[in-house]
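For reference, the structure is listed below as structure tokens.
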């Protein structure tokens, strides 16, 4: 990832998830369809996480940056990941972690975002 703000946000998201007991499986998983920022497990569920980080809300909240098109790319990328597993995976979900960095980072974790 070339964007320093995005990298910082992803690092904060990983620390947040680990503190909540999630196990990080993969970061920045790429396919021709796009990228999933974080793949992790949470109590038997495989979770695909999109992280959006903003310094201010001038252009909208971080959550608003996860558009319908972005969601479709994430879903296709997740299907590629699942196809590469050597075991069945029944429980998956898609989360969004929105981080607003002003005086101190504010993290909004949206489970089952789409």
Of the residues in segment 39-58, those that are without any contact (Cβ under 8 Å) to a residue 40 or more places away in the chain and loosely packed, with under 10 Cβ neighbours inside 10 Å come to 43, 58
If you take the residues of segment 89-113 that are in contact with a helix residue (DSSP H, G or I) (Cβ under 9 Å, 6 or more places away or on another chain) and at pLDDT below 95, which of them is surrounded by the most Cβ atoms within 10 Å (Cβ to Cβ)? 101
Go through segment 42-80 and give me each residue that's under 15 Å from the mean Cα position of the chain (by Cα), in a loop (DSSP other than H, G, I, E, B) and over 25 Å from residue 18 (Cβ atoms). 67
Just give me the residues in segment 1-27 being in a strand (DSSP E or B) and either out of contact with any helix residue (DSSP H, G or I) (no Cβ under 8 Å at 6 or more places or on another chain) or more than 22 Å from residue 67 (Cα to Cα) (or both), in sequence order. 23, 24, 25, 26
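Do we have any residue at all in segment 81-88 that's within 20 Å of residue 112 (Cβ to Cβ), in a helix (DSSP H, G or I) and at pLDDT 95 or above? Please lay out each step first, then the result.
So the first thing to find is which residues in segment 81-88 are within 20 Å of residue 112 (Cβ to Cβ), and the list is 81-82.
Now narrow it down to the ones that are in a helix (DSSP H, G or I): 81-82.
Then drop every residue that is not at pLDDT 95 or above, which leaves 81-82.
Yes, because at least one residue in segment 81-88 is within 20 Å of residue 112 (Cβ to Cβ), in a helix (DSSP H, G or I) and at pLDDT 95 or above.
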Starting from segment 94-114, take each residue that is closer than 17 Å to residue 77 by Cβ and list its partners that are modelled with pLDDT under 95 and exposed (fewer than 14 other Cβ atoms within 10 Å of the Cβ), counting only C-beta distances under 6 angstrom and pairs at least six apart or across chains. none
Residues of segment 8-22 being surrounded by 12 or more Cβ atoms within 10 Å (Cβ to Cβ) and in contact with a strand residue (DSSP E or B) (Cβ under 9 Å, 6 or more places away or on another chain), in sequence order, are 8, 9, 10, 12, 13, 14, 16, 17, 18, 22
Filtered residues of segment 32-45 (kept if in contact with a helix residue (DSSP H, G or I) (Cβ under 9 Å, 6 or more places away or on another chain) and under 20 Å from residue 114 (Cα atoms)): 33, 34, 35, 36, 37, 38, 39, 40, 42
Reported set for segment 63-85 where residues are surrounded by 13 or more Cβ atoms within 10 Å (Cβ to Cβ), within 22 Å of residue 53 (Cα to Cα) and out of contact with any helix residue (DSSP H, G or I) (no Cβ under 9 Å at 6 or more places or on another chain) is 63, 65, 70, 71, 72, 73, 74, 75, 77, 78
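The values are calculated or read from the model by the stated rules, or taken from the named source; none is laboratory data. All figures in this text were calculated on a predicted structure; none of them were measured in a lab. As a convention, Cβ positions derive from the backbone with ideal geometry for all residues, glycine included, and neighbour counts pool all protein chains shown.
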